[in-house]
Structure formats: structure tokens, C-alpha cells
Amino acid sequence: MSHAHHNELPAAPARLSVPGIVQGLAIAFVLIGGAALGWAFAGGHAQLAWSAYLIGSFFALGLGVFGAAWLAILYLARGNWSVTMRRIPEAMTAWLLPGGVLTMAVGLGAHSLYHWSHADVVAKDALLTHKAPFLNMTMFTALVGASLLLWVVFSALLTGTSRRQDREGGIGASRTSRTLSAIFLVVFAFTISIVSFYLLLSLDAHWFSTMFAVLVFTDVVQTGTAFVAVVAGLLVMGGQLKGFLNENHLHSLGKMVFASTGFWAYIYFCQHMLIWYANLPEETVYFMKRAGNGWLPYLLILPLLKFVVPFLFLLPRDAKRQPKRLVALSLVILFAQFWELYVMVGPAMGHGAEAAHAHLPVVELAATLGFTGLFVLVFAWALVRHDAVPLKDPALAECLDYHC
């Protein structure tokens, strides 16, 4: 390939924007979610309201932090094929500051969510007393707050370095980004564990799992990749990145979505297999709660939504290259993530058959839609603020010549 060919770039595209209809739906979702939470709080259903709030806030938070993780992984892997999509994960990280604040508000509902937050309960429970140095509100606030702050700082450094490259060009910014990425991924491994332990695992502090943080990581990867695929597919269909994003790039992105479904299935099976094989009461309690009291259908639907459906429909090559099909299947994965969070949180809150049948996850789904709407609005604001593609990144030419 000649040097001259490397310098032949298409005309710079206009700044990216989220379609008006999508922003309109996002506003509607925010209103629906706010109304549902308002109804639950006003009606005296504090536990329902806070569990719905937890599901929605964690769903959106996972999308935000995946933006930073995606940038770090691809910088280190030197995935030049994704350069023209960089604005998508960069815009996703804009949620981490407002989303982090909203997530910290979960602590206000600790008495409704976490049994370890009640001093009288801890005093009568030997296991909770043993875990009290870690499971207390001071440590909750300090460790979760510090983890979210680190996410905000590293995402700001990564996006700031990208902005510097937009102004100055050169390979120096890419090298700086790789260094930051290597540090961030180590920090991320610890902090995603802390956040998932406090917000989700400690809903039932009598349950033990060595795989839980890894499972949450697979959720973040699968859901975040699906969101990137939705946005990239819409951009291709709207012609906003013509000449910079094509079916070859979508194919690689589709393969990542496809791989993430297998990754999730492998980790989920490992957790189930280890718990089944060991047959320890402190571990089997997780699946025992979800196999009874009307929760079994919800548990069985989960692997269908998270693995079977996306795996089978993404298996053909064309499914990864056609934006409409890729967007549709990615939306299924996003809904599946809500479903998994509902299956995680509902039984842990002690909801029985009445909660699982008479109370379908209406409030929880509405709250998740509300947080998703807020996320999309922040994402849309961040997406339009910068050039559509990093035109001064030396890897751009290689990205445009990419074939798969």
C-alpha cells in the first residue's frame, strides 16, 4: 500500500448526532421512569422503589464504565479498525459523573435494600458481625465513591488525550493513551469488584460467590458492546459516517457482540457448575431462591435472552454486517441485561411468588428505561461536542483500509 494512498481520506463528516426521534423517546422514558419511581415512593413501597432504582442506576452505570473499558482495551490491543467509532465510547463515558452521583444515592435507600445496614440485625447475626468491618455504610460510601471517582478521572484522562490528538496530531497521544489504559484496566479490575460486591452481591450477605465480579464484568462487556453496536448501526443506516464506517467495521463489531454472548454463557455456566458441584448451603442459596417462589421461569428465560437468541441469530456472517439485524439483536441483549438484574435483585429482596407473578417487573422496567433515557440524553450531548472522527490519528488510514 503506497504512502499516497494512506493520505487519501474522505471528506470530513459533519459532527455526529443522535436522531431526534431517539432523543424524543429518551425524554419520554425519563418521564415514565420518574413517574414510576414517584408512584412507588408516594405509595409507601420503599423497597420496591429502591430496588427499581438500584436496577436502573446499575444498568446505566455499566454502559458508562464500559466506554472507558472499551477505549482502554482497544488502545492496548491496537485495534485500529475501531478508530472511526471512537467517539461512541468517548461519549458513553460522559455518563460516569452524573451517573456516579445518582448511583451513590443508592446509599439513601440502604435500610430498604441491605440487611447489613441495620445495627440490630448485625448484632444478632454472627456472619454479618464477622463481615461488619467491610459491610458498613462508612466503607460503602468511601469505597464505592472512590471507585466511581477513579472511573471519572481515568475516563477524563483518556478522552482528554484524544482531544489533544485532535488538536496536535501525532503518535504521542496514542502512546499516552496506551499507558493510561494499562493502568486503568488494573484499577478497573479492583473497582468493578468493589462496586458489584457492595451494590449487588451484598443484597444477600449470606451468599458467597468467587465468580460474581467476573460475571458482572461479562455483563458490562456484553451490554456495552451491544450499545456500541446499536449506535454504530444507526450511524451506518443514517449515512453519518459514510466513507469512514462500513460493513467491514460492523462485521468486527458484530463479532465482538457475538463473542461476548459466549463469554457470558461460559462464566454463567461456571458459576452454576461450581455451586452445583460443591453443593455448599452458603452457595446454593442463590439458585434455591430463584428456583422456587415462582422465580424459576424468570431464571430459565435468562440464558435464552442472554445467550441462545443472540448466539443463534448472530451466527450467520450477514447478521454481523447488516446494520438493521445487528441493531435489533443488540437491543435484545440490552433488554436481557435488565432481565438479569431483575433476577439478581428481586429474589434477594425476599420477593415471593406474589412479587414474581402478581407484580411483574413494571416499576423496575420503567425505572431502567428512565435511567437509560437519561444516559442517552447525556450521550447525545457529549457525542455532538467534538469532531465525528479523530482525523489526526495516524491509525485512521489503516482503519479506512480495513477489510475482514
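Observations, loosely collected:
- Residue satisfying all of: in the stretch 129-164; small (Gly, Ala, Ser) and closer than 30 Å to residue 204 by Cβ; surrounded by the most Cβ atoms within 10 Å (Cβ to Cβ) among these: 147
For (1) within 26 Å of residue 106 (Cβ to Cβ); (2) modelled with pLDDT of 95 or more, each residue gets a yes or a no:
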position: 139; (1), (2): yes, yes
position: 146; (1), (2): yes, yes
position: 149; (1), (2): yes, yes
position: 155; (1), (2): yes, yes
position: 162; (1), (2): no, no
position: 167; (1), (2): no, no
position: 173; (1), (2): no, no
position: 179; (1), (2): no, yes
position: 187; (1), (2): yes, yes
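- Residue count for the stretch 262-291, restricted to those that are part of a loop (DSSP other than H, G, I, E, B) and surrounded by 13 or more Cβ atoms within 10 Å (Cβ to Cβ): 0
- Look at the stretch 265-282: where a residue is more than 11 Å from residue 215 (Cβ to Cβ) and a partner is crowded, with 18+ Cβ neighbours inside 10 Å and among the acidic types (Asp, Glu), sitting 6+ places away or on another chain with Cβ atoms under 7 Å, you get 275/283.
- Residues satisfying the criterion are present in the stretch 325-334 (criterion: surrounded by 18 or more Cβ atoms within 10 Å (Cβ to Cβ) and hydroxyl-bearing (Ser, Thr, Tyr)).
For (1) buried (at least 19 other Cβ atoms within 10 Å of the Cβ); (2) within 16 Å of residue 161 (Cβ to Cβ), each residue gets a yes or a no:
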{"site": "71", "(1), (2)": "yes, yes"}
{"site": "74", "(1), (2)": "yes, yes"}
{"site": "77", "(1), (2)": "no, no"}
{"site": "94", "(1), (2)": "yes, yes"}
{"site": "100", "(1), (2)": "yes, no"}
{"site": "109", "(1), (2)": "no, no"}
{"site": "112", "(1), (2)": "no, no"}
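- The stretch 342-384, residues that are assigned to a loop (DSSP other than H, G, I, E, B) and at pLDDT 90 or above: 384
- Some residue of the stretch 24-31 being closer than 20 Å to residue 229 by Cα and buried (at least 19 other Cβ atoms within 10 Å of the Cβ): yes
- Near pairs, Cβ below 7 angstrom, 6+ apart or cross-chain, from the stretch 60-87 (over 14 Å from residue 219 (Cβ atoms)) to any residue that is at pLDDT 95 or above and among the aromatic types (Phe, Trp, Tyr): 68/151; 68/154; 68/184; 72/184
- When residue 308 is tested against (1) at pLDDT 95 or above; (2) more than 21 Å from residue 72 (Cα to Cα); (3) surrounded by 15 or more Cβ atoms within 10 Å (Cβ to Cβ); (4) not aromatic (Phe, Trp, Tyr), only condition (3) is not met.
- Filtering the stretch 236-245 for residues that are in a helix (DSSP H, G or I), under 20 Å from the mean Cα position of the chain (by Cα) and either modelled with pLDDT under 95 or under 21 Å from residue 308 (Cα atoms) (or both) leaves an empty set.
- Condition check for residue 100: modelled with pLDDT of 95 or more and within 18 Å of residue 230 (Cβ to Cβ): no
- Scan of the stretch 310-324 for residues that are without any contact (Cβ under 8 Å) to a residue 12 or more places away in the chain and either over 19 Å from residue 261 (Cβ atoms) or not in a loop (DSSP other than H, G, I, E, B) (or both), ordered by number: 312, 318
- Members of the stretch 21-69 found to be of a type in the set (Val, Ile, Thr), over 14 Å from the mean Cα position of the chain (by Cα) and modelled with pLDDT of 95 or more, listed by number: 27, 30, 32
- Some residue of the stretch 300-309 being without any contact (Cβ under 8 Å) to a residue 60 or more places away in the chain and within 17 Å of residue 256 (Cβ to Cβ): yes
The values are calculated or read from the model by the stated rules, or taken from the named source; none is laboratory data. Owing to the predicted nature of the structure, the values given are computational and were not obtained by experimental measurement. Quick reminder, even Gly has a Cβ in these numbers, built from the backbone with ideal geometry, and neighbours come from all protein chains shown.
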